[in-house]
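The values are calculated or read from the model by the stated rules, or taken from the named source; none is laboratory data. No experiment lies behind these values; they were computed from the predicted model shown. Note that we place each Cβ from the backbone using ideal geometry, even for glycine, and neighbour counts take in every protein chain shown.
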């Protein structure tokens, strides 16, 4: 098996991100609510082993001074004691929306707004590289989903920053932002499902993926922010199910890039759930989304449009 220079770079980037994720998960363990509640029940040796295992840098004396029954956010306190503290928002309960600082609002807008023009230009490149009707349709599907994601995300964060007093307007933009994610996921799979030969059962995913997107959008419309954990599970399932189907492709060129992009999305979830714990957590999540989308775009451009090898022209 020949490992190209591009794949070596991809694997190196994946390794770096994996190391960062392990470090973040380790620190998140330190802020679990059960530690302060049962801290006094541990003897000195047990607590020493726990601290050594999690790599905690928090002084045990500070842990013992924490009030009983409270959830002391050690990870957040680490940042608040530094110069980064003024850039981050406070942690809020899961039932409420987080309120970013002015710096975080600007970062949230910039990290996705920067990619609007590149996504439009990239979509145009796929359109001009299309050789038949279905490549053109797939390019439009993917380009609309990709550009729509960055445009709607930037619009929502801009409204949330500058027009936060218009609660209903902000809520509508937030709903649209969440709905677009479902269609972006479906659009990301459209070129692979439309232009590659699939198995006899997997071929149905060409239309099932859009039904899933519509169902997810309907859920957002009727149950917006009712259950944030369920929302996250729906997005994860929407991204994982079609990926399994793609394994039935006889031609598996691009699977590595698709996997790397999926890993970036999954690693970004760590920061998506870390608002109030890490400065600019939501903006970092945006960066992971942009990198994952960029990797997927590269795979689509290289294996489906830039060359004619490995493609199956299907007449419908």
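Assorted remarks:
- Within the stretch 215-224, being free of Cβ contacts under 8 Å to residues at least 40 places away in the same chain and in a helix (DSSP H, G or I) holds for 215, 216, 217, 218, 219, 222.
- Among the residues listed as 57, 63, the single one being part of a helix (DSSP H, G or I), farther than 25 Å from residue 179 by Cβ, modelled with pLDDT under 60 and not assigned by TED's automatic domain parsing to the domain that holds residue 194: 63
- Residue satisfying condition, being free of Cβ contacts under 8 Å to residues at least 24 places away in the same chain, over 23 Å from residue 225 (Cα atoms) and assigned by TED's automatic domain parsing to the domain that holds residue 190, within set 121, 166: 121
- Residues of the stretch 244-258 classified as assigned to a helix (DSSP H, G or I) and buried (at least 16 other Cβ atoms within 10 Å of the Cβ), total: 7
- Selection of first residues in the stretch 187-205 that are closer than 17 Å to residue 144 by Cβ and of second residues that are in a loop (DSSP other than H, G, I, E, B), restricted to Cβ pairs under 6 Å at least 6 apart or on distinct chains, gives the following pairs, ordered by first then second residue: 195/311.
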